[in-house]
1. Can you pull out every residue in region 100-131 that is of a type in the set (A, V, I, L, M) and surrounded by 14 or more Cβ atoms within 10 Å (Cβ to Cβ)?
2. For region 125-157, which residues satisfy the criterion of being more than 16 Å from Val101 (Cβ to Cβ), assigned to a helix (DSSP H, G or I) and among the hydrophobic types (A, V, I, L, M, F, W, C)?
3. Give me the pairs, please: first residue somewhere in region 44-55 and assigned by TED's automatic domain parsing to the domain that holds Tyr32 and loosely packed, with under 10 Cβ neighbours inside 10 Å, second residue anywhere and at pLDDT 80 or above and of a type in the set (S, T, N, Q), beta-carbon distance under 9 Å, and either six or more positions apart or on two chains.
4. Restricted to region 22-52, and to residues that are of a type outside the set (Asp, Glu) and part of a loop (DSSP other than H, G, I, E, B), which residue is nearest to Ser73 (Cα to Cα)?
Amino acid sequence: MKRVKLGEAATMKLLTENERLMASVILIFIVYFGLDSLLSLAIGDESASFVRGRLTFSFVAGMASGILFYVYSRRAVTGSPEQDLDKIVVLKRALSDDEMVIIDMVKDTPGVTQDSLRFRTEFSKSKVSALILNLEKKGIIQREKSGKTYKIFLSEWLK
């Protein structure tokens with residue numbers, strides 16, 4: 001059973017650039033056709049000048065809503081490569097060399113087992129166990145039980 005830390009349950013998946021663009025285009029069409037339909041039902045005047053005005057208004061409103069969504073959703077996007085690099089740099093300053101060896105191996109091989117880390121690092125079994133427990137307490141890694149050992153993953157905020 002995976003334990004959820006405070007704050008993780010409230011996070012939502014961020015949209016990629018393509019998903020944001022596609023959502024904006026879909027929103028434009030929804031607003032355009034929705035407003036056009038509502039205006040034609042509400043007013044009912046089908047003269048040429050009214051139809052042109054109705055379509056123009058619907059188009060401008062649709063474009064404005066799509067652009068606003070695209071710009072506003074961009075502010076919510078985090079996790080740029082520069083920020084990820086900063087996280088690793090901060091960790092390197094704050095952690096011991098042995099802890100960084102463990103983190104680098106887990107980053108390169110997500111789901112690596114605790115036994116495998118012991119053989120790769122040539123640390124003793126107790127040292128690897130102590131390092132992993134310490135990193136888990138700090139919220140840097142997560143462990144999942146796998147038979148008699150554990151699979152080790154980086155925490156979500158480091159991915």
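The values are calculated or read from the model by the stated rules, or taken from the named source; none is laboratory data. Given the structure is predicted, the values throughout are model-derived calculations rather than measurements. Cβ placement follows ideal geometry from the backbone for every residue including glycine, while neighbour counts extend to all protein chains displayed.
1. Looking only at region 100-131, we keep the residues that are of a type in the set (A, V, I, L, M), and these are 100-103, 105-106, 112, 117, 128, 130-131.
Once the filter is applied, which keeps residues that are of a type in the set (A, V, I, L, M) and surrounded by 14 or more Cβ atoms within 10 Å (Cβ to Cβ), region 100-131 yields Met100, Val101, Ile102, Ile103, Met105, Val106, Val112, Leu117, Val128, Leu131.
2. Trp157
3. Final answer for the pair search is Glu46/Ser40.
4. So in region 22-52, the residues of a type outside the set (Asp, Glu) come out as 22-35, 37-44, 47-52.
Still in the list and also part of a loop (DSSP other than H, G, I, E, B): 44, 47.
On the way: Gly44: 36, Ser47: 39 Å.
This residue is Gly44.
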